[in-house]
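Everything below concerns the one structure shown next.
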Amino acid sequence: MSEVKWNDRFNIGVERIDSAHQRLFSIVGKLLNLAEDTEKQKHACQEGIKYLKSYTEKHFAEEEAYMRFIDYKDYAIHKSLHDNMRDKTLPSLEQELESQDYSEESIKHFLGICVGWLNGHIMIEDRAITGKTPHKWIHQPADNELDSLEKAVVQTLYDLFRLEADSVSRHYSGEDFASGRALCYRLSYRMPDKKAVQVFLVYEEQMVINLLSEMIGKQVKKIDKTIVEAMQVISRKFMQCMETHFTLGEDYQYEKINTLSFEQLVHSFDKQYPPYSLLFCTEKSDYFALCISK
């Protein structure tokens, strides 16, 4: 699990906001420590998460008030990130914790996403408020587009794998939901105007093991080269099935598929995040992400 430790490089130069960020780091850090104590794990995490949610809502409101006060030009996009985290991601993660009775895996999901989001959001989007860095959520698709894409992914997961799934986030930015244990694929397409389109599919390793075990009728114990290549083929099929529900554009041509490490996936988001970037949780509590960069 990623370490949560405050560093002055996170400062944006606004005392009230910097103080709140330090507090958030402290809360998540304590949750990480609690997660290692199995005897106190459930109750402590329940209480800690309630406090984290309450403090997060208070902080978001204060930060948004400051952005309005200085007339921050990218306020709308920034607020949508807060809204997504508060209204979609945290409730989804909390629901998984409850349904899994605070299992080790559900706690890993919760803390992995929170740690990744906190680090990335403060270092990039929050520091952009005071001009210390450019923000990376450049494009904001319309809600109806995101609705359509979400429905297409959920339907394709069911059609292809008979898996029910729910959306966790509409702003997935490479948070480590599985401690780096994920298979990542990049599918490249070319539009008639020669413009490139890239689609990233990110499977939690346990999801891959479950899928392949069911397909071959034999328990898969680890990810090897054969599994990686099989998931390449399955990923191509996934995108072909997606076409019946959501199109990338007219007459686009598939070019190639590459396997990426999790680090390479995150590096792909260095300049800006994909405008379509969704995270899902399946009925088996496995995580899956789909990102489209145009």
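The values are calculated or read from the model by the stated rules, or taken from the named source; none is laboratory data. Since the structure is predicted, the reported quantities are computational estimates derived from the model, not experimental observations. FYI the Cβ positions are ideal-geometry reconstructions off the backbone, even for glycines, and counts take in every protein chain you see. Side chains included, ligands, DNA and RNA excluded: accessible areas come from the protein's heavy atoms. Shrake-Rupley method; radii C 1.70, N 1.55, O 1.52, S 1.80 Å.
Quick notes on this one:
- Neighbourhood charge, 10 Å Cβ-Cβ cut-off, centred on Pro275 and excluding it, Lys, Arg +1 and Asp, Glu -1: 0
- 17 Å reach of a label modelled at Arg9, 7 Å along Cα-to-Cβ, counting backbone N of region 237-272: 267, 270-271
- The value obtained for region 73-219, namely the Cα convex hull volume divided by the number of residues, is 155 Å³ per residue.
- Between the helical axis of 41-69 and the longest alpha-carbon principal axis of the chain there is an angle of about 70 degrees.
- Convex hull projection area averaged over all views, the chain, Cα basis, nm²: 15.7
- Between Ser188 and Ser54, the modelled label-to-label distance comes to 5.2 nm, taking each label 7 Å out from Cα in the direction of the beta carbon.
- Shape class of region 91-156 from the Cα gyration tensor (axes a ≥ b ≥ c, square roots of the eigenvalues): oblate, since a/c reaches 1.5 or more and a/b does not exceed b/c.
- Between 0 and 90°, nearest 10: helix 143-161 axis offset from the chain longest Cα axis: 50
- Subset of Lys53/Lys151; Lys50/Lys88; Lys58/Lys88 violating a 21 Å alpha-carbon distance limit: Lys53/Lys151
- Distribution of pairwise C-alpha distances over region 180-294, 10 Å bins, in %: 13, 45, 32, 9, 1
- Full extension of the segment from Arg23 to Ser148, taken as 0.36 nm per residue of separation minus the current Cα-Cα distance, would add 41.3 nm.
- Counting only DSSP H runs of at least 4 residues, each contributing -39500 (n - 2.57), and dividing by the residue count of the chain, the helix-based mean residue ellipticity at 222 nm comes to -16000 deg cm²/dmol.
- Virtual spin-label span in nm between Asn33 and Glu47, 7 Å along Cα→Cβ: 1.4
- Residues considered: Lys58, Lys108, Lys195. Largest GNM mean-square fluctuation over the chain, using C-alpha springs under 10 Å, is found at Lys195.
- Partner aspartates and glutamates for Lys284 [C-alpha distance under 17 Å; skip if fewer than 8 residues away on the same chain]: Glu94, Glu96, Glu98, Asp101, Glu104, Glu105, Asp159, Glu164, Asp166, Glu204, Glu205, Glu214
- Protein accessible area in region 31-145, 1.4 Å probe - carbon and sulfur %: 49
- Axis of helix 205-216 versus longest Cα principal axis of the chain: the two differ by about 20°, to the nearest ten degrees.
- Candidate aspartates and glutamates for bridging to Lys136, where Cα separation is under 12 Å - those fewer than 8 sequence places away on the same chain excluded: Asp74, Glu125, Asp126, Asp270
- Label-point separation in nm, Met215 to Arg181, each point 7 Å along Cα→Cβ: 2.0
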